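Okay, so here's the structure we're looking at.
The values are calculated or read from the model by the stated rules, or taken from the named source; none is laboratory data. The shown structure was predicted, so the numbers you read here are calculated from the model rather than taken from an experiment. Using ideal geometry, Cβ is built from the backbone for each residue, glycine included, and neighbour counts are taken over all protein chains shown.
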Amino acid sequence: MKTEQLFLGESYRESITRAANLLKSGKTVAIPTETVYGLAASAYDEKAIKKVFLAKGRPQDNPLIVHISDFNMLYDVAKDIPDAAKICAEKFWPGPLTMVFNKTGKTADCVSAGLDTVAVRMPSNPIALDIIKTSDIPLAAPSANISGSPSPTTAFHVKNDLDGKIDAIVFGNECDVGVESTVISFCCEPPRLLRPGAVTVEELREIIPDLTVDSAVLSEPKKDIKVESPGMKYKHYSPKTQSYLVEGDSKQFIEFINSQENSLAVCFIEESKEINIPKLTYGSLNDESSLAKEVFSVLRRVDSFGNEKVFIHAPSKTGVGLAVYNRLIRAAGFKVIKL
Ligand code: TXA
Ligand code: MG
């Protein structure tokens, strides 16, 4: 199939209308959001959703997030919305927070991959919002990458992974946040964080003091146990190069890394000039948001160095750092070196 490229700028309105019309007629369109690019399809159209799973090579048991453009749309797809979720929506929507509720049953079955629940978010990227509004349907959209590879933060990442496999790509800017949305479930008591993102645990606990953090966030889920967020059980984001996450302060990391052979370092900007082996920087030690923004594009570049191993300096597990750590520990296949 030929993948249409929809550019913005002067042809903005035309491209948005085209994207919306494609989506209404059951096609798959990659769209920018503030977190990562998403591969969108009508959440009401079973056939269209199947195309999304097929294009990504996504496991059938991993449900999709439904994207809405105004709060009332939530009631089309979800029910039993608790007050705490309404407060979260007021504070964090539009934005990088996904909330899991009981479903109304209007969305196609495969959106929820057999669960009775549905994950919903209202993105803040104005292009994403405009496309949802113009199509006037909730859009199911997983990240627009081949399953297992790093999530796409530019339209070019999407083109690399999915050209020829989807109907169109909307060429927006690089994503602001860089890691996927925070996912919390209101279908358990107390509510639980399933995936960390730019809306932090600390911020959420101001509204939900007893919010728990799923054990799959920081450790490898046990094979035989049912995981609450199916996406968390898969190996993800991994370069082909043997990858390790390294915990320790800058002094320890620099000393460790300079004694490694045939290896690549992924480090903070502040450490770069003291590292004597090939290296990639992924933002500043003191700015977790900069790490989130860079992490996936850096992971996409690792293999081009052709080294045997890559050692990635781990961020802190607080604030947005927790989201970056969560993606990196998966990229490293849970191999952690503690200095
Ligand atoms: O930022 C984002 O969330 C991006 C952009 C495109 O919006 N989307 C995204 O989708 O990251 P995806 O499919 O890559 O990740 C969806 C995550 C998975 O971990 C999945 O298991 C979880 O959300 N999820 C979806 N529906 C769920 C449900 N009903 N219950 C529990 N987890 C669910
Ligand atoms: Mg994904």
Would you please list the contacts, defined by Cβ atoms under 7 Å and residues six or more apart or on different chains, that run from a residue in the stretch 52-72 that is farther than 17 Å from R121 by Cα to a residue that is surrounded by fewer than 19 Cβ atoms within 10 Å (Cβ to Cβ) and of a type in the set (D, E, K, R)? A55/K165
From (1) free of Cβ contacts under 8 Å to residues at least 60 places away in the same chain; (2) closer than 20 Å to G148 by Cα; (3) buried (at least 20 other Cβ atoms within 10 Å of the Cβ), pick out the condition that doesn't hold for P94. (2)
Filter pass, V120 being in a strand (DSSP E or B), at negative phi and not acidic (D, E): yes
Within the stretch 97-123, residues within 21 Å of the chain's Cα centre (by Cα) and within 18 Å of K133 (Cα to Cα) come out as V120, R121, M122, P123
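I need a count of the residues in the stretch 76-101 that are in a loop (DSSP other than H, G, I, E, B) and not β-branched (V, I, T).
Of the residues in the stretch 76-101, the ones in a loop (DSSP other than H, G, I, E, B) are 80-82, 93-96.
From the residues that got through so far, the ones that are not β-branched (V, I, T) too are 80, 82, 93-96.
Of the residues in the stretch 76-101, 6 are in a loop (DSSP other than H, G, I, E, B) and not β-branched (V, I, T).
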Residue pairs within 6 Å by beta carbon, gap of at least six or interchain, first lying in the stretch 129-151 and in a loop (DSSP other than H, G, I, E, B), second more than 12 Å from ligand 1 (Cβ to nearest atom) and not hydroxyl-bearing (S, T, Y), listed first then second, are P138/M73; N145/D161; I146/G57; I146/D161; S147/G57; P150/L299; P150/R300
Under the condition of being crowded, with 23+ Cβ neighbours inside 10 Å and under 20 Å from I169 (Cβ atoms), which residue from the stretch 56-80 is farthest from ligand 2 (Cβ to nearest atom)? H67
Of all residues being buried (at least 17 other Cβ atoms within 10 Å of the Cβ) and more than 8 Å from ligand 1 (Cβ to nearest atom) in the stretch 97-110, which is nearest to T182 (Cα to Cα)? Just the residue, please. L97
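Hey, any hits in the stretch 291-301 for a residue that's out of contact with any strand residue (DSSP E or B) (no Cβ under 7 Å at 6 or more places or on another chain) and free of Cβ contacts under 8 Å to residues at least 60 places away in the same chain? Step through it out loud before you land on a result.
We begin by selecting, within the stretch 291-301, every residue out of contact with any strand residue (DSSP E or B) (no Cβ under 7 Å at 6 or more places or on another chain); these are 291-297, 299-300.
Then keep just the ones that are free of Cβ contacts under 8 Å to residues at least 60 places away in the same chain; that gives 291.
Yes, the stretch 291-301 contains at least one residue that is out of contact with any strand residue (DSSP E or B) (no Cβ under 7 Å at 6 or more places or on another chain) and free of Cβ contacts under 8 Å to residues at least 60 places away in the same chain.
What residue, of P123, P138, is at pLDDT 95 or above, within 11 Å of ligand 1 (Cβ to nearest atom) and touching a strand residue (DSSP E or B) at 6+ places or on another chain (Cβ under 7 Å)?
Working: P138 fails: within 11 Å of ligand 1 (Cβ to nearest atom).
Result: P123 is the single residue among P123, P138 that is at pLDDT 95 or above, within 11 Å of ligand 1 (Cβ to nearest atom) and touching a strand residue (DSSP E or B) at 6+ places or on another chain (Cβ under 7 Å).
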Which numbered condition P190 fails, given (1) more than 10 Å from ligand 1 (Cβ to nearest atom); (2) part of a loop (DSSP other than H, G, I, E, B); (3) touching an Asp or Glu at 6+ places or on another chain (Cβ under 9 Å); (4) in contact (Cβ under 8 Å) with a residue 60 or more places away in the chain: (4)
